[in-house]
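Inspection log for the structure reproduced underneath, given as structure tokens.
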Amino acid sequence: MLTELGDDAKILAGGQSLLPIMNLRLAEPAHLVDISRVGDLMGADEDTTSVTLGAAITHQAIEDGLVPDPCLGLLTTAAAGIGYRAIRCRGTVGGSLAHADSAAEWPTVLTAIGADVTVRSAQDERTVPLRGFFHGFFTTSLESDELITAVHLPRFAKSTRWALEKTNRKEGEFGESMAVAIVSEGSASIWLGAAKDVPVNLAHVETLLADHPADQVPALGEVRDRVAADLDLSVPELDLAQRHRLQIHAVTVHRALSRALSPEVPA
Ligand SMILES: Cc1cc2nc3c(=O)[nH]c(=O)nc-3n(C[C@H](O)[C@H](O)[C@H](O)COP(=O)(O)OP(=O)(O)OC[C@H]3O[C@@H](n4cnc5c(N)ncnc54)[C@H](O)[C@@H]3O)c2cc1C
């Protein structure tokens, strides 16, 4: 149908982003292709190294543990933090990735995990790493006739520790900042959402961790300097509002590191 209808058609999954956009008349598709009851997009599959989730699986199914979480609870925690329960009942993981809001949970969390998506059109199927899938604000490498069919997640090693920190004014809102820290023997994957148009890899923060003893949390000031470097910010040139935003991101990342590195916090 997407091939036939071309740019006049939009996929409708949970409708929790598309319908508000249509209400605001920011999108006025002539046709909606409803995938919310396509059974093939709702299955979950697992083997010893990975789990595959259908793109139309809801945030609620993940929150409630109805599908496997190969990431030691990170997926269920992320799902539970999305909006309100009513939104989680309908919103889907594939819809969130296709919508590509960098303040949303799945783009940042699943990129940090190193997940891939399977993308399919009438002619072709390809597997795309999420690291590279997001091109900008609400923009991905998806073509207009392509559907995300599944998300592939690697299994965490048992010793992996993780933390997800979301800073928002009130529960149920999008985060003003969101940090994911995944630490396993000898390596760290630290990502930040809601800071730029796409999730940002905090490579300078990862290097800071590598230079510290394994369970020692770097000081907030050090983390702030590294976050500024990762966001390409020149601190002396920032105005008050920009400094405030940097501080919010630094505190969010620092909290995530403290939890991921702290032995008494269960992963
Ligand atoms: C009040 C409110 C609060 C919210 N708070 C949060 C929050 O805190 N965190 C958060 O992460 N999200 C939040 N959301 C967004 C919510 O998570 C949405 O469910 C999600 O962003 C979109 O998923 P969906 O299944 O509803 O997609 P839809 O709204 O149906 O579609 C979104 C877009 O993706 C496309 N699409 C959908 N599925 C596919 C697919 N399989 N392949 C290709 N394209 C597809 C559609 O064509 C459309 O362009 C909130 C939404 C609302 C209304």
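Every read-out reported here was derived from the displayed coordinates using simple, explicitly stated rules and does not represent laboratory data. The structure presented is a predicted model; accordingly, all values stated were derived computationally and were not measured. In this analysis, Cβ positions are derived from the backbone assuming ideal geometry, glycine residues included, and neighbour counts consider all displayed protein chains.
Around Met1, under 14 Å between beta carbons, what's the net of Lys plus Arg minus Asp minus Glu among the other residues?
Values: positive: Lys10, Arg120; negative: Glu4, Asp7, Asp8, Asp34, Asp145, Glu146.
Neighbour charge sum, excluding Met1 itself: -4.
With Cβ to Cβ distances under 15 Å as the rule, what net charge do the other residues near Glu125 carry (K, R +1; D, E -1)? All intermediate terms of the calculation are to be shown ahead of the outcome.
Working: positive: Arg120, Arg126; negative: Asp40, Asp116, Asp124, Glu143, Asp145, Glu146.
Around Glu125, the surrounding residues sum to -4.
Using a simple charge model, +1 on the beta-carbon of Lys and Arg, -1 on the beta-carbon of Asp and Glu, nothing else, what dipole does the chain show about its Cα centre, in debye to the nearest 20?
Values: 22 positive and 36 negative charges, 157 e Å.
In debye, rounded to 20, the chain gives about 760.
Could you work out how far the C-alpha centroid of the stretch 102-126 sits from that of the stretch 1-64, in angstrom?
After rounding, the separation between the Cα centres reads 13 Å.
Name the long-range amide H neighbours of Leu12: under 5 Å, sequence gap of 5 or more, or other chain; modelled H, no Pro or chain starts.
Close amide H contacts, sequence-distant or interchain: Val33, Asp34, Ile35.
Pull up all non-local amide H partners of Gly91: gap of 5 or more, or a different chain, and H-to-H distance under 5 Å with H placed in the peptide plane.
So Gly91 has HN proximity to His59.
Output the relative contact order of the chain, whole-number percent, from Cα pairs under 8 angstrom with separation of 6+ residues. Don't skip to the end; give the middle numbers.
Numbers: 539 pairs, mean separation 42.7, N = 267.
Taking the mean separation of contacting Cα pairs over the length of the chain, I get 16 percent.
Taking each pair of distinct Cα atoms in the stretch 2-154 once, what is the resulting Kirkwood hydrodynamic radius in Å? Each step should come with its number before you reach the end.
Values: mean 1/r = 0.0643 Å⁻¹.
Final number for the Kirkwood radius of the stretch 2-154 is 15.6 Å.
Suppose we look only past 19 Å in the calculated P(r) of the stretch 148-240. What percent of the Cα-Cα pairs does that tail hold? Write out the running numbers ahead of the final one.
Details: 2144 of 4278 pairs.
When every Cα pair of the stretch 148-240 is considered, 50 percent fall beyond 19 Å.
I'd like the Karplus ³J(HN,Hα) series for the stretch 60-75: coefficients 6.51, -1.76, 1.60, θ = phi - 60°, whole numbers in Hz, and an x wherever there's a Gly or Pro.
Computed from phi, the couplings for the stretch 60-75 are 5, 4, 6, 4, 7, x, 7, 10, x, 10, x, 10, 6, x, 5, 5 Hz.
Return the long-range amide H neighbours of Ala188 (sequence gap of 5 or more, or a different chain), with a cut-off of under 5 Å between placed amide H atoms.
So Ala188 has HN proximity to no qualifying residue.
For the stretch 182-187, in order, what is each residue's ³J(HN,Hα) by Karplus, 6.51 cos²θ - 1.76 cosθ + 1.60 with θ = phi - 60°, in whole Hz (x at glycine and Pro)?
Computed from phi, the couplings for the stretch 182-187 are 10, 10, 9, 2, x, 8 Hz.
Taking only pairs that are 8 or more places apart or on different chains, how many Lys pairs in the chain have Cα atoms under 26 angstrom apart?
On the way: Lys10/Lys196; Lys158/Lys166; Lys166/Lys196; Lys170/Lys196.
For the chain, qualifying lysine pairs total 4.
For the ranges 167-180, 91-104, what's the packing order if you count other beta-carbon atoms within 10 Å of each residue, average per peptide, and put the highest first? Please list the in-between numbers first.
Details: 167-180: 17.6, 91-104: 24.0.
Packing order, densest peptide first, comes out as 91-104, 167-180.
Counting other beta carbons within 10 Å of each residue's own, what order do Leu66, Leu18 fall into, fewest first? Intermediate results must be reported in sequence, preceding the final value.
Numbers: Leu66 11, Leu18 19.
By the 10 Å Cβ count, ascending: Leu66, Leu18.
Please express the shape of the chain as an equivalent ellipsoid: the semi-axes are the square roots of 5 times the eigenvalues of the C-alpha gyration tensor, given largest first in whole angstrom.
Numbers: eigenvalues 203, 94, 52 Å².
That gives 32, 22, 16 Å for the three semi-axes.
So how do Asp124, Asp230 line up by other beta-carbon neighbours within 10 Å, fewest first?
On the way: Asp124 10, Asp230 22.
Lowest to highest Cβ neighbour count: Asp124, Asp230.
Local charge sum around Asp145 (other residues, Cβ-Cβ under 10 Å, Lys/Arg +1, Asp/Glu -1)? Working shown, then result.
Numbers: positive: Arg120; negative: Glu4, Asp7, Asp124, Glu143, Glu146.
Here the count lands on -4.
Hey, what do the phi angles of the stretch 10-20 turn into as Karplus ³J(HN,Hα) couplings, whole Hz, using 6.51/-1.76/1.60 and θ = phi - 60°, x for Gly and Pro?
So the J values, rounded to whole Hz, are 10, 6, 10, 9, x, x, 7, 10, 5, 5, x.
Only Cα pairs under 8 Å and at least 6 apart count here; give the relative contact order of the stretch 161-261 as a rounded whole percent. Could the numbers behind the result be given before it?
Details: 169 pairs, mean separation 32.2, N = 101.
Relative CO of the stretch 161-261 lands at 32 percent.
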